[in-house]
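A short write-up of the structure that comes next.
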Amino acid sequence: MATTHLTEQQAQELGVSTLLLRVQSGEEIRIESVRGPILLIEPEPRPLDNSIRATLTRFRALRHETGEPLRMGEDLADDVEKVFERRYPGRGDPWA
């Protein structure tokens, strides 16, 4: 499971809807302050949904997170890699 560490400000900038989309795609979110950990948001243990619909949800979360549309081009490979990383947390090669 991928874990992301965010400051309070970063979490506020991303917004609850983006954080929830990321958690739904299998990511663990840790929100911290200078005084230490504040909040841990993690998905309930369940089989990962590898459907096209779930993959598209992860693409939407990435698009919302970056604020930029996903386009065909050199950066698309990076975007696809990020989505597969979320689809198969902890696995190096999503095609293995």
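The values are calculated or read from the model by the stated rules, or taken from the named source; none is laboratory data. Source: prediction; values computed, not measured. Counting neighbours? That spans all protein chains shown, and the Cβs are built from the backbone with ideal geometry, glycine included.
Within segment 19-33, can you find the residues that are under 15 Å from THR55 (Cα atoms) and touching a residue at least 24 places away in the same chain (Cβ under 8 Å)?
LEU21, ARG22, GLN24, SER25, GLY26, GLU27, listed by residue number.
Filter the helices (runs of 4 or more DSSP H) completely within segment 1-75 down to those with at least 1 residues that are under 9 Å from the mean Cα position of the chain (by Cα).
16-24, 52-66
For residues that are of a type outside the set (A, V, I, L, M, F, W, C) and modelled with pLDDT under 80, scanning just segment 27-52, find the one that is nearest to GLN10 (Cα to Cα).
So the residue we want is PRO45.
Which numbered condition in (1) crowded, with 16+ Cβ neighbours inside 10 Å; (2) farther than 21 Å from VAL80 by Cβ; (3) aliphatic (A, V, I, L, M) is the only one that VAL16 fails?
Unmet condition: (1).
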